[in-house]
Amino acid sequence: MNYTFQLKNIEEYKEAYQKSVTDPEVFWETIAREFRWMKPWDKGLNWRFEGEGAPVIEWFKGGKLNITENCLDRHLQTIPDQPALIWEPNNPDEHYRILTYRQLHQKVIAFANVLKNNGVKKGERVCIYMGMIPESPIAMLACARIGAIHSVIFGGFSAQSIADRIKDGNAKFVITCDGSFRAKKTIPLKSIVDDALVQCPSVERVIVLTRTRTPVSMIKGRDVWWEDELKKVETMGNPDCPAEEMDAEDPLFILYTSGSTGNPKGVVHTTAGYMIYTAYTFLNVFNYQPEEVFFCTADIGWITGHSYIVYGPLAVGATTLMFEGVPTYPDAGRFWEIIEKHKVNIFYTSPTAIRSLMAQGESFVENKDLSSLRVLGSVGEPINEEAWHLYYKNIGKSRCPIVDTWWQTENGGIMISTIATVTEHKPAFATLPLPGIQPAIMDPEGREITTPEAKGNLCIKFPWPGMLRTTWGDHQRCYDTYFSAYPGTYFTGDGCLRDANGYYRITGRVDDVLNVSGHRLGTAEIENVINKHTNVVESAVVGFPHPIKGQGIYAYIITEKEILQEDASLAIADIHETISRIIGPIAKPDKIQFVKDLPKTRSGKIMRRILRKIAEGEMNNIGDTSTLLNPEIVENIKKGKMN
Ligand code: PRX
């Protein structure tokens, strides 16, 4: 497993970056040749960010390949007995599992045949709602093997969210489990799916894996057991499942994410570009060395799980470790125990996890041997300096570089980050763009700021292989969301600053998207749900700084009938219940304030700036309220602020 594109020092980084800017097509084509293709591509890159039908982004068009041949078959010749996947279960008395590349390959082939036997065809959408068990990546890879498009749904989403995603993707197939373990709880996944399916007559087949032995309803003709279906494949003599020939630009998966307006949108990633980009970024950012153990704590239902538990590591023949459960069960030493037990070399987690575990005191870390660690990573939200230093000292023992990796669901892979052992880290800075990434900072007039030091909105000027191609079923929405604000560039929705050395620091979203414990939520999405609740007239949701979660959710709600003091806590619990049912518990506000009115402009627009300031506790720094239709309400809201 030797890739010529692995960067070894700063000079190589500079050279690669230069090449990637002067001739991006040749740069990525050279890397692409190190993978397995069934047929070479016709053209390295076609692209257009503006004009009718835009965006057009095609990498390696005409090339034929299958990502599973690259993630599995290719390694059978070189490292068949190396662990591909290590899995740590939630329950302390259950044994961990290791799947070598040979075993993972066999399991993917067998389940791909199950999918085929159940009528799944190339191009069809398959929803996966399973939790953190090895069968999740197996199901994803089995879909990819036969050319089906997977749509993984995070285990914390509600039945309604599942139904919305099934309907949007018009999926006929669902793969789930009877339940999943989460600390001491059992989550009845199949039962949640059943609630979703009431609204989804399009679903023809549900494949259910046994995990928790939770009682489930199985509907004749629609629901089948994973284990029974596997037995059928065994009785067929375990036939091979040749990899489906896919075009480089055929969709690999859909992953839903929140924006500032409307319902979550299905971000579409395609086959070759995504594979090459995740492989390139994985190998380089983490400086992965053969046989090292890489532990990413993300959930497979988010892009980080897709790119850095499954596709990136497997594409370069790495050993990837996934865990089931929560970081605090059986105690707050869970991660450190896993690192010690499996001699993890590279550890990739979120600032929220670091903050919450560090808040439990050092005793959970002190007695663990973390000497195997070589590189630490951070993802999902800005890492504040305090958390950075705690991570560096307490976990990395002041000897492991921290890669603060900035990227988004839409990007496919890491965009701006320190490259371990190659470029320098700097607390709270994502630092430099990776080769192939051309950032631009825009001023309020939409012009690029070209001075070294700059502050503004972050855009990317040129396509990279891992970028989204469209939003499922609504290409116009893709254009409107990402390419219309700054014509000719991709707009990230993030604000940032650049220091004199050209290091980038991401300061957070500038649109109405919240980042709560690294989970991405749209304020409009939460408001729409609150507004559905009985007695609610109108609501406004904003973020506020939260010591552990990074951002918390603050909701201001106008009700039809006044909520009496003694009824307030029940009214809040009721609203939480509605949000849990429609989106999922992750979207529950941390604070709810019932208000008589919301500050509005004369044209009726809610002045969120003021609400944000109040939620942040900046009472004396509200700014100009003279343009408000109802300035008197501001004092009223200030008085009732929730602490
Ligand atoms: O605001 C940025 C923040 O997370 C957003 C993307 O969220 P999502 O699509 O869910 O993907 C998260 C995992 C890749 C970004 O717009 N974000 C992500 N990583 C960082 C970050 N903010 C600051 N620093 C980071 N390293």
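The values are calculated or read from the model by the stated rules, or taken from the named source; none is laboratory data. Predicted model, so just to flag it, every value in this text is computed and none were measured. Neighbour counts are summed over all protein chains in view; Cβ atoms, including those assigned to glycine, are modelled from backbone coordinates with ideal geometry. Heavy atoms of the whole protein, side chains included, go into the accessibility calculation; ligands, DNA and RNA do not. Shrake-Rupley method; radii C 1.70, N 1.55, O 1.52, S 1.80 Å.
In table form, for the structure just shown:
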read-out	value
E632, sole failed condition from (1) of a type outside the set (A, V, I, L, M, F, W, C); (2) touching a Lys or Arg at 6+ places or on another chain (Cβ under 9 Å); (3) more than 30 Å from G380 (Cα to Cα); (4) open to solvent by 80 Å² or more (accessible area, probe 1.4 Å)	(2)
Condition check for T235: polar (S, T, N, Q) and surrounded by fewer than 19 Cβ atoms within 10 Å (Cβ to Cβ)	yes
R48 vs. criteria without any contact (Cβ under 8 Å) to a residue 24 or more places away in the chain and open to solvent by 50 Å² or more (accessible area, probe 1.4 Å)	yes
Options T405, T409; residue that is in contact with a Leu (Cβ under 7 Å, 6 or more places away or on another chain) and of a type in the set (V, I, T)	T409
Identity of the residue in the range 399-425, surrounded by 18 or more Cβ atoms within 10 Å (Cβ to Cβ) and acidic (D, E), that ends up nearest to the ligand (Cβ to nearest atom)	D404
Pair list, Cβ under 6 Å, 6 or more apart: the range 291-310 residue more than 9 Å from the ligand (Cβ to nearest atom), other residue of a type in the set (S, T, Y) and assigned to a helix (DSSP H, G or I)	C296/Y308; I300/S136
Members of the range 459-507 found to be within 26 Å of P545 (Cα to Cα) and without any contact (Cβ under 8 Å) to a residue 24 or more places away in the chain, listed by number	none
Failed item, numbered, when L357 is tested on (1) more than 16 Å from the ligand (Cβ to nearest atom); (2) under 27 Å from W37 (Cα atoms); (3) of a type in the set (A, V, I, L, M, F, W, C)	(2)
Among the residues listed as G456, G396, the single one being open to solvent by 10 Å² or more (accessible area, probe 1.4 Å), more than 13 Å from the ligand (Cβ to nearest atom), over 21 Å from the mean Cα position of the chain (by Cα) and modelled with pLDDT of 95 or more	G456
Hits in the range 472-488 (condition: within 15 Å of the ligand (Cβ to nearest atom) and of a type in the set (S, T, Y))	T481, Y482
Residue, nearest to the ligand (Cβ to nearest atom), within the range 489-526, restricted to residues that are hydroxyl-bearing (S, T, Y) and surrounded by 22 or more Cβ atoms within 10 Å (Cβ to Cβ)	T492
Filtered residues of the range 570-612 (kept if open to solvent by 50 Å² or more (accessible area, probe 1.4 Å), within 20 Å of G552 (Cα to Cα), free of Cβ contacts under 8 Å to residues at least 60 places away in the same chain and basic (K, R))	K588, R609
Residues that are of a type in the set (D, E, K, R) and surrounded by fewer than 24 Cβ atoms within 10 Å (Cβ to Cβ), drawn from the range 131-161	E135
Residue among G436, G446 that is more than 9 Å from the ligand (Cβ to nearest atom) and buried (at least 19 other Cβ atoms within 10 Å of the Cβ)	G436
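Residue-wise test of (1) surrounded by fewer than 16 Cβ atoms within 10 Å (Cβ to Cβ); (2) assigned to a loop (DSSP other than H, G, I, E, B).
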{"position": "F5", "(1), (2)": "no, yes"}
{"position": "E12", "(1), (2)": "no, no"}
{"position": "R36", "(1), (2)": "yes, yes"}
{"position": "C71", "(1), (2)": "no, no"}
{"position": "D81", "(1), (2)": "yes, yes"}
{"position": "A84", "(1), (2)": "no, no"}
